[in-house]
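Asks: Below: one structure in C-alpha cells.
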Amino acid sequence: MNNRLTLLGGLLAVQLIIVLLLNLGSDSGDPATGLLNITSDAVSEITITANDGASVSLRRDDGGWRLLSDDVAIAADDAKINDVVNRLTAMSSLWPVAASASSRERFEVSPESFQQRLEFRGDEVDAQVYLGNSPGYRRVHASSGDSDNVYSIEFATYEVPADASEWLDKNQLQRSGITSLALTGSWQLRDGPDGWQLEAQVADQQTAEDMIRRVETLRLLGVYQGDTATLEQPRELELEAGTETEIWTFRHNPEADEYVLTSSRQPGRFTVASYIAEQI
C-alpha cells in the first residue's frame, strides 16, 4: 500500500511540474478587467483609422453623434455608433490568448501593424483599441493601449469601417407634412381644398401622392467628398411643410451616375441614387 501511495504521489508531482512548465512557457497574461475599462457615457469622440490610411471621425454633442466631413458636422447614425461603443466598453474579464510584443505584431494589433485602430476620447478618456486578423467567424484579435495582452473578441473589423458614408444618418432629410413642391423653372405641386393641384389644375392624385412620398421618404446613399467642379448644373426643388421652407439642390455626377444633394436645412453634401433623383 505504501509503495502504491508513493507511486501515486510521484505521478502527481510530475503532473504538477509539467503544468508549471507549460504555464511558464506560455505567453498568455493575467485576466484583464476589460478591453477598454471606460464607460460608454464618457466617450464623446471616436476616430477610426484603417491600415490603408483611410480615417473617419465621429463626435457627440447635445444633438447626438455627428460625422465630421470637410470641417462640417453632419448627423450620424446614433444607434449604430452607440451599439459599437456599448459593446466594446462592456467587454470585461477577458482572458488573453497571448501577451507579448511579438504576439501583437503577429496578430496585427500593435500601433505599427493593425487592421483597424479605434481612438476613444472624452473629458477624462484617451484610449485606443487595435483590431487585427480573425481567428474565426465573427471573431477578431484585439489589443488596447500599450498593453501586450491580445484578446479574441466577438466582433468584426467590418463593423467599424473607416468610411464616412457608412456612419451617416441616411434618413436625416426625411420629413412629413409637405404641402408644396416646386421644381424651379418647371412645375409646382400644391395641396389644395380639392386635393393636389399642378399649376392651379387638379393633378392626378395618385401620381402626386407618389411624388410626395418619394420626397418624404428619401434615403441618402452616402457622403459626397469629391470635386464639385465636375458636377453638372444644379436644379432646385423647393419644399414647404407648414410654415417651413427648404430647398434641395441636385447636381448630377456623370462619372458615378449619381446625384449630389445639398439642403438648406442640413449641412453637408450627400449622394442620391440616380433613379430616385430623376423621379423627383
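Asks: Where does segment 39-114 land on Rg/Rh, using Cα atoms and the Kirkwood Rh? It would help to have the intermediate numbers written out before the result.
Replies: Values: Rg = 15.4 Å, Rh = 14.6 Å.
For segment 39-114, the value is 1.05.
Asks: Taking the Cα centre of the chain as origin, sum charge times position over the Cβ atoms of Lys and Arg (+1) and Asp and Glu (-1), and report the length of that vector in debye to the nearest 20.
Replies: It works out to roughly 1240 debye.
Asks: Let me ask something else about it. Tell me which DSSP H helices of the chain clear both cut-offs, 30 Å or more of axial length from alpha-carbon atoms and a mean Kyte-Doolittle hydropathy of at least 1.6.
Replies: none
Asks: Excluding the sites themselves, what is the longest stretch of the chain that contains no trypsin sites (Lys or Arg not before Pro) in a DSSP loop with at most 12 other C-beta atoms within 10 Å?
Replies: By the stated rule (loop sites, at most 12 other Cβ atoms within 10 Å), 1-137.
Asks: Please work out how much length the chain gains when fully extended from ALA182 to ALA90, using 0.36 nm per residue of separation minus the C-alpha to C-alpha distance, in nm with one decimal.
Replies: Working it through step by step, the gained length comes to 28.1 nm.
Asks: Let me see the pair-distance distribution of segment 136-280: every alpha carbon pair, 5 Å bin width, integer percents in order.
Replies: Reading upward from the zero bin: 2, 8, 15, 17, 15, 10, 8, 7, 6, 5, 3, 2, 1, 1, 0.
Asks: Over the Cα atoms of segment 57-202, Rg to Rh with Kirkwood Rh, two decimal places?
Replies: 1.25
Asks: At SER147 and GLU232, where each label point lies 7 Å from the Cα along Cα→Cβ, what is the point-to-point distance in nanometres?
Replies: Placing both labels 7 Å beyond Cα along the Cβ direction yields 5.5 nm.
Asks: Then there's this: Calculated from DSSP H runs of 4 or more alone, at -39500 (n - 2.57) each and per residue, what is the 222 nm mean residue ellipticity of the chain, nearest 500? Walk me through the intermediate numbers first.
Replies: Details: 5 runs with 60 residues, N = 280.
Mean residue ellipticity, 222 nm, calculated: -6500 deg cm²/dmol.
Asks: Answer with a single label: of (i) 110, 41, 35; (ii) 62, 60, 43; (iii) 56, 40, 29, which was calculated as Cα extents along the principal axes in Å from the structure in view?
Replies: It is the value labelled (i).
Asks: Which percent of the accessible area of segment 97-180 is formed by carbon and sulfur heavy atoms (probe 1.4 angstrom)?
Replies: C and S fraction of accessible area: 40 percent.
Asks: For segment 212-272, which GluC sites (Glu not before Pro) are both in a DSSP coil and crowded by at most 12 other Cβ atoms within 10 Å?
Replies: GLU232, GLU255
Asks: Here's something else I'd like to know. Relative contact order of segment 37-143, please, whole-number percent, based on alpha carbon pairs below 8 angstrom and at least 6 residues apart. Working shown, then result.
Replies: Numbers: 165 pairs, mean separation 29.6, N = 107.
For segment 37-143, the relative contact order is 28 percent.
The values are calculated or read from the model by the stated rules, or taken from the named source; none is laboratory data. Remember, it's a predicted structure, so these values are computed and weren't measured experimentally. Positions of Cβ are backbone-derived with ideal geometry, glycine not excepted, and every protein chain shown enters the neighbour counts. Each accessible area value is taken on the protein alone, full model and side chains, heavy atoms only, with ligands, DNA and RNA left out. Shrake-Rupley method; radii C 1.70, N 1.55, O 1.52, S 1.80 Å.
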